[in-house]
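Peer 1: Submitted below is the structure of interest, expressed as structure tokens.
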Amino acid sequence: MASNRLDDWNFSDITYKQTQYLTHCFHPYPAKFIPQIPHRLIEMYTQKKEDIVLDPFCGSGTTLVEAKLMGRPSIGIDTNPLAIMISKSKVNPIKKTELERNLSWLDNWKQEELKALHPHEIFFYNNRAWFREDVLGQIELILAKIEEIEDAKTRNFLKVALSSILKGVSNARMDRITPTLPKNPIYIDHKHYDRIVDNGRRSINVFSRLSSRLRLMQSRLELFLSTASSMKAVACLGDARELEKINSDFLKEGRIKLVVTSPPYWSAFDYEKIHQLSISLLNRKRSSLNAEIGGRDFLNEMGKVYEQISKHLVEGGIFCLIIGRSKRRINKRLAALGYKYGMPLHERFTRKIRNQAFFVKSIKSEEILVFQRE
């Protein structure tokens, strides 16, 4: 049924900068929904502080951040190990002394010392095509230093920071979402005012860039933790089609009050290719290339997800699915699928996608399908 609500789901007055508050800015991630969407849905469909929120395709953890801000326990699931790393970095406290020790180490290196660094490890396929020799040497030294950190949450935080700047210090074109090598070392960057980029001569101080990034992330995390509730926000590596295999008290059948999620845009994005540099460096490749839902069996695979969600929702619980409106009309089929699993369509909202950065250019609008478990 169409909703008569007058809420502005386009969020017309929201700028891109206003979607990047607190820890939401930590790491680029394709096709993620703006935080205002889960914020509003959590506000609409949960009432009690013990109402658990689930995002079975959590990506970079947007739902987890918003649930914690609103005082709701939450759990996010994803098959992408890098996504879980990013999600954890956004909601977990770190050891400030460990971070400051590493910041001091980063800040004490001199530019002339960095030029003398040479790599010994091969982190990437065709190492020297993707990175200059001096840059590879810096990355190798930094990663070795990070691995020495004892606290797992702090170590993860630094790895996510390094991952977030990786494409920017590489030889990849700066005007492409997917890392793509230019035909020539000197090229025109069409995304940033048609500036000329010379990969062979431009200054690339990985130490300085990482230090700046960490300071930003540290200040954002501290503000987030001082603002957010003490409710747990858990990110788990796992498959939305097999929730029963994930070891968490949150996922005992019949405990979830609200599901807020958006399935992977499999037809438009190769998530592993977009994050190929980070995945190679951090050794975070999926155990199976077929782990992502997609292809011709998309609807059948989503049926398995619906079945799992139906089992884990409380009676009367709400399942919100954010899905792009495409020519294949997948959204209409997904809207009808809820009835099969005892979750008829309760409400439907439509919104225009205004900022196409990191999104599917052919998808101009999306629907928020709201199902309710009988």
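Please treat every number below as a calculation from the coordinates, not as lab data. Since we're looking at a predicted model, the values are computed, not measured. Positions of Cβ are backbone-derived with ideal geometry, glycine not excepted, and every protein chain shown enters the neighbour counts.
Peer 1: What dipole magnitude, in Debye to the nearest 20, does segment 200-251 give about its Cα centre under +1 on Lys/Arg Cβ and -1 on Asp/Glu Cβ? Walk me through the numbers on the way to the answer.
Peer 2: On the way: 9 positive and 5 negative charges, 133 e Å.
Dipole of segment 200-251, to the nearest 20 debye: 640 debye.
Peer 1: Based on Cβ point charges of +1 for Lys and Arg and -1 for Asp and Glu, what charge dipole magnitude is obtained for the chain about its Cα centre, in debye rounded to the nearest 20?
Peer 2: 900 debye
Peer 1: Calculate, for residue 348 and residue 297, the FRET efficiency according to 1/(1 + (r/R0)^6) with r their C-beta to C-beta distance and R0 30 Å; round to the nearest 0.05. Could you put the intermediate results ahead of the total?
Peer 2: Working: r = 25 Å, r/R0 = 0.83.
It comes to 0.75.
Peer 1: Given the Cα-Cα distance of residue 333 and residue 249 and 0.36 nm per residue of separation, how much length would full extension add, in nm? Show your work: numbers first, answer last.
Peer 2: Working: separation 84, 0.36 × 84 = 30.24 nm, distance 3.21 nm.
Value of the extension gain: 27.0 nm.
Peer 1: Follow-up. Would you please name the chymotrypsin sites (Phe, Trp or Tyr not before Pro) within segment 1-81 that are DSSP coil residues with at most 11 other C-beta atoms within 10 Å of their C-beta? Walk me through the intermediate numbers first.
Peer 2: On the way: sites: 9, 11, 16, 21, 26, 33, 45, 57; in loops: 9, 11, 16, 21, 26, 33, 57.
Here the chymotrypsin sites (Phe, Trp or Tyr not before Pro) that fit, given the DSSP loop and packing criteria, are 16.
Peer 1: Within the set of other residues whose C-beta is less than 9 Å from the C-beta of residue 48, count the net charge using Lys and Arg as +1 and Asp and Glu as -1. Present the calculation step by step, with values, prior to reporting the outcome.
Peer 2: Working: positive: 49, 72, 257; negative: 50, 51.
My count for the surroundings of residue 48 gives +1.
Peer 1: Multiply the residue gap between residue 18 and residue 129 by 0.36 nm, knock off their C-alpha separation, and tell me the result in nm, one decimal place.
Peer 2: Values: separation 111, 0.36 × 111 = 39.96 nm, distance 3.64 nm.
Extending this stretch completely gives an extra 36.3 nm.
Peer 1: In addition: Quick one: if you stick a label point 7 Å off each Cα along the C-beta vector at residue 340 and residue 183, how many nm between them?
Peer 2: Output for this residue pair reads 4.7 nm.
Peer 1: Taking neighbour Cβ counts within 10 Å as the exposure measure, how do 346, 118 sort from fewest upward?
Peer 2: With the fewest neighbours first, 346, 118 line up as 118, 346.
Peer 1: Something else now. Rounded to the nearest 500, what is the chain's calculated 222 nm mean residue ellipticity when only DSSP H runs of at least 4 contribute -39500 (n - 2.57) each, over all residues?
Peer 2: Numbers: 13 runs with 136 residues, N = 374.
Theoretical 222 nm ellipticity from helices: -11000 deg cm²/dmol.
Peer 1: Which of these, 236, 25, 320, has the largest mean-square fluctuation under a Gaussian network model of the chain (Cα springs below 10 Å)?
Peer 2: Greatest mean-square fluctuation among the candidates belongs to 25.
Peer 1: Relative to the present Cα-Cα distance, how much length would full extension add between residue 103 and residue 174 at 0.36 nm per residue of separation?
Peer 2: Working: separation 71, 0.36 × 71 = 25.56 nm, distance 2.64 nm.
The span from residue 103 to residue 174 would gain 22.9 nm if fully extended.
Peer 1: A further question follows. Within 10 Å of each residue's Cβ, count the other Cβ atoms and sort 364, 96 from fewest upward. If you can, show how the numbers build up before the last one.
Peer 2: Details: 364 14, 96 11.
In increasing order of surrounding Cβ atoms, one gets 96, 364.
Peer 1: Compute a Gaussian network model of the chain, connecting alpha carbons closer than 10 Å, and tell me which residue from 271, 29, 187 fluctuates the most.
Peer 2: The residue that fluctuates most here is 187.
Peer 1: Arrange 311, 90 by Cβ neighbour counts within 10 Å, fewest through most, would you? Can you show the working numbers first?
Peer 2: Details: 311 16, 90 26.
Final ranking by Cβ density, sparse to dense: 311, 90.
Peer 1: Taking the Cβ of residue 186 as the centre, find all other residues whose Cβ is under 15 Å away and add up their charges (Lys, Arg: +1; Asp, Glu: -1).
Peer 2: Details: positive: 132, 173, 183, 195, 201, 202; negative: 175, 189, 194, 198.
Within the 15 Å Cβ shell, the charges total +2.
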